[in-house]
Amino acid sequence: MLLFGFTVQSHANDSEVKDTVSVTKSIIFGAGTVGGFAASYIFQSNEYWDDPAEWHVMDWQTEYDDALLADKMGHLYFSYALANSFAKATEWTGLDKETSAWVGFGASMLHQTYVEIYDGYSDGRPYLGFSRGDMIANFLGASFSVAQYYEPYLNHFKPKISYYPFTSETHPSVFNDYNHTNHWYSIDVAGMLDMDKDYIPGIFSVALGHSVQGIDRYGAGHHQFYLGLDINWNYFQQFEIVQDSYYLQFLINLLEKYKVPLPAIRLNNGVDAFLVR
């Protein structure tokens with residue numbers, strides 16, 4: 001935390017743009033952050049940490065058998081989403097974009113790290129424990145958000161998530177229902193090719209997806225791969241009404257974390273088409 005604080009402070013001091021930080025907005029933002037972290041802690045305490053155990057680390061084989069690495073993709077996605085949206089929310093207080101990007105990184109890693117530490121003291125079920133794979137995925141996801149600030153070209157690639165169906169009989173909640181979770185990378189092909197922004201296909205992006213089926217958390221199941229369409233939210237950044245409104249930009253930031261259900265094909269031992277995925 002001291003290192004993180006030093007990093008943020010050094011970036012703030014070196015920034016060429018002297019932003020005015022709003023005390024009122026900072027207090028509101030801080031209260032919301034504390035409330036969000038507290039709600040997350042309460043939920044996970046009831047869901048996973050209700051039976052303490054001795055510290056233990058998940059072995060590498062269990063790391064894979066748990067969900068065929070779908071959970072690692074979930075950690076990468078969530079740490080990215082948290083870092084990226086937290087950074088955008090931080091800008092509301094008046095901090096510059098660079099400092100906000102690092103604040104988002106720090107908040108994401110803080111949340112994900114304390115989750116893993118508490119998992120390490122969980123009740124010892126095979127799929128619970130401190131996960132080295134989860135921490136690697138957490139770092140990669142949060143780092144990708146920062147990398148998008150320093151290299152804008154990376155904004156053509158958006159980690160996303162979707163659920164189909166949204167709930168199931170075995171999982172009334174979407175959390176940990178990896179059999180019905182799809183992780184995606186949505187690619188802004190039109191932006192990469194520098195196509196005319198008035199060209200209608202520019203509103204769509206190409207999505208590469210992955211999911212698993214038949215997992216039992218003991219190594220069973222198989223991978224599934226998808227190619228589909230998605231909404232390209234970058235397309236809307238060209239409009240002046242969006243450029244002039246922080247709140248519209250923040251709304252787009254949130255919307256682009258979820259893949260819109262659109263046609264897709266599954267590429268596994270042949271091709272299967274779906275109207276929505």
Exercise. Among G106, I203, V260, pick out the residue whose Cα is farthest towards the positive end of the charge dipole of the chain, where Lys and Arg carry +1 and Asp and Glu carry -1 on C-beta, about the Cα centre.
Key: I203
Exercise. Springs between alpha-carbon atoms under 10 Å, Gaussian network over the chain: tell me which of I265, I42, I203 tops the mean-square fluctuations.
Key: I42
Quiz item: Under a GNM of the chain (C-alpha, springs under 10 Å), which listed residue has the highest mean-square fluctuation: L69, L255, L95?
Solution: L255
Quiz item: Where nothing but the Cβ of Lys and Arg (+1) and of Asp and Glu (-1) is charged, how large is the charge dipole of region 156-277 around its Cα centre, in debye to the nearest 20?
Solution: 360 debye
Exercise. About the Cα centre of the chain, how large is the charge dipole given +1 on each Lys and Arg Cβ and -1 on each Asp and Glu Cβ? Please answer in debye to the nearest 20.
Key: 380 debye
Quiz prompt | Listed residues L193, Y121, A67: farthest to the positive end of the dipole of the chain (Cβ charges) | solution = L193
Quiz item: Beyond 34 Å, what share of the Cα-Cα pairs of the chain remains, rounded to the nearest whole percent?
Solution: 25 percent
Practice problem: Just the number, please: Stokes-Einstein D of region 110-162 in µm²/s, Kirkwood Rh from C-alpha pairs, 20 °C, 1.002 mPa s. | Solution: 167 µm²/s
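Bear in mind that the values in this text are calculations on the coordinates, not laboratory data. As the structure is a prediction and not an experimental result, all values here were calculated from the model. Backbone-built Cβ (ideal geometry, glycine too); neighbour counts: all protein chains shown.
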